[in-house]
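The values are calculated or read from the model by the stated rules, or taken from the named source; none is laboratory data. Values in this document were obtained by computation on a predicted structure and should not be read as measured data. Every residue, glycine among them, receives a Cβ derived from its backbone with ideal geometry; neighbour counts consider all protein chains shown. In case anyone asks, the SASA skips ligands and DNA or RNA and just uses the protein heavy atoms, side chains included. Shrake-Rupley method; radii C 1.70, N 1.55, O 1.52, S 1.80 Å.
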Amino acid sequence: MNRDLFDGLPHFLAVARHGGFTPAAEAMGISPTAMSKAIRTLEARYQTKLFQRTTRHVRLTEAGAELFQRLDRAADEIGDALQALSTAQSVPTGTLRLTIPRTAMRYAVEPIIERFQELYPKVALDVSVNDSLVDLVAEGFDAGIRLGESIDKDMIAVRLMPEGRWGIAASPGYLAKAGRPDRLEDLPQHKAVLYRFPRSRTLHIWEFEQDGKTVRVKVPQQLIVDDRLSLVRLAKAGVGLAYVQELEVYEELRRGELELLFLDQIGKDDGVFLYFPAAMQTQPKLRAFIDLVKNSQANEAMG
């Protein structure tokens, strides 16, 4: 392999990560002049401008951003591989990039972050809190947490939470004002807060089970949101009914701010899983995270 192929790439990654030539030079222990020369040489070699420079800002060009997206994850993997060579034992190190929906972040991840940092100080957590479905490999994540039915079959999935119940959330104030819907046929006459999936832009369909069949109920589309926390807050405020998972309104149910209707007419989901590409399963940093989350869930269940 041509050794010149990698010349300048560490400098490019440093500037892209630090957002400037001076901090990147400091991080690499070289002068800003040497950093600028390395980038100019790299750009000249491929006849492509990688950064837009002004007196105050340094930004990636479109070509630079595409190159950074491809190299960033590879560089971390190379770093992890070299770290493993120099470490006698499999010590979790590096950056663990995760994509986690808001509800799972609140109940499964936030409670263990402090403990994880205490146990594994050499691992940095880079968490994207996002309810959208994500292509882990394309977007540079090591692992994600999602409902089982939304995970691609070629991923390895580890269960974190059991099957979950769904219901129609209603606040006491809304029920006092609009009345209690006792039958599915009552729902179209009620106000509703609907959820739109952020990436696909499709609406979440209200599905129920009736007489052994799946029934879809159309409710008024006067209010639509693409954020699950907003969905819960609006239902709690009495704006309308909302189709939610029991876990995401756990605190509201406990405090009596919401109640769930039609629980016996909505099927359970597959439960929440942590999923990742097969190539990641031997990574100590990921295994450490999985073990801690699972142990936390087991202790909570026993408690």
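General observations
- Residues in region 6-41 that are modelled with pLDDT of 90 or more, among the aromatic types (Phe, Trp, Tyr) and over 29 Å from the mean Cα position of the chain (by Cα): Phe21 alone.
- Residue count for region 194-214, restricted to those that are open to solvent by 40 Å² or more (accessible area, probe 1.4 Å), among the hydrophobic types (A, V, I, L, M, F, W, C) and in a strand (DSSP E or B): 1
- Test: residue in region 170-193 that is under 19 Å from Asp269 (Cβ atoms) and either in contact with a Ser or Thr (Cβ under 7 Å, 6 or more places away or on another chain) or outside any loop (DSSP other than H, G, I, E, B) (or both): no
- Restricted to region 240-257, and to residues there that are touching a Lys or Arg at 6+ places or on another chain (Cβ under 7 Å) and part of a loop (DSSP other than H, G, I, E, B), the residue that is nearest to Ile168 (Cα to Cα) is Gly240.
- Boolean, Gln47 is free of Cβ contacts under 8 Å to residues at least 60 places away in the same chain and either under 30 Å from Val249 (Cα atoms) or open to solvent by 40 Å² or more (accessible area, probe 1.4 Å) (or both): yes
- Of all the numbered requirements in (1) more than 25 Å from the chain's Cα centre (by Cα); (2) open to solvent by less than 30 Å² (accessible area, probe 1.4 Å), Ala242 misses one, and that requirement is (1).
- Within region 221-245, residues that are of a type in the set (Asp, Glu) reach partners that are in a loop (DSSP other than H, G, I, E, B) and open to solvent by less than 70 Å² (accessible area, probe 1.4 Å) with beta carbons closer than 6 Å, at six or more positions or on different chains, in the pairs Asp226/Pro198.
- Qualifying positions in region 99-133 - open to solvent by 50 Å² or more (accessible area, probe 1.4 Å), touching a Lys or Arg at 6+ places or on another chain (Cβ under 8 Å) and outside any strand (DSSP E or B): Arg102, Tyr120, Leu133
- One residue alone among Leu234, Leu229 is outside any strand (DSSP E or B) and either under 18 Å from the mean Cα position of the chain (by Cα) or among the aromatic types (Phe, Trp, Tyr) (or both), and that residue is Leu229.
- Identity of the residue in region 158-169, in contact with a Lys or Arg (Cβ under 9 Å, 6 or more places away or on another chain) and not in a loop (DSSP other than H, G, I, E, B), that ends up farthest from Ala108 (Cα to Cα): Ala169
- Identity of the residue in region 134-150, out of contact with any Leu (no Cβ under 9 Å at 6 or more places or on another chain) and assigned to a loop (DSSP other than H, G, I, E, B), that ends up farthest from Met280 (Cα to Cα): Val134
- For region 157-176, the set of residues classified as open to solvent by 10 Å² or more (accessible area, probe 1.4 Å) and touching a strand residue (DSSP E or B) at 6+ places or on another chain (Cβ under 6 Å) consists of Ala157, Val158, Arg159, Leu160, Met161, Trp166, listed by residue number.
- Scanning region 89-138 for residues that are without any contact (Cβ under 8 Å) to a residue 40 or more places away in the chain, closer than 23 Å to Leu203 by Cα and among the charged types (D, E, K, R) yields one hit, Asp135.
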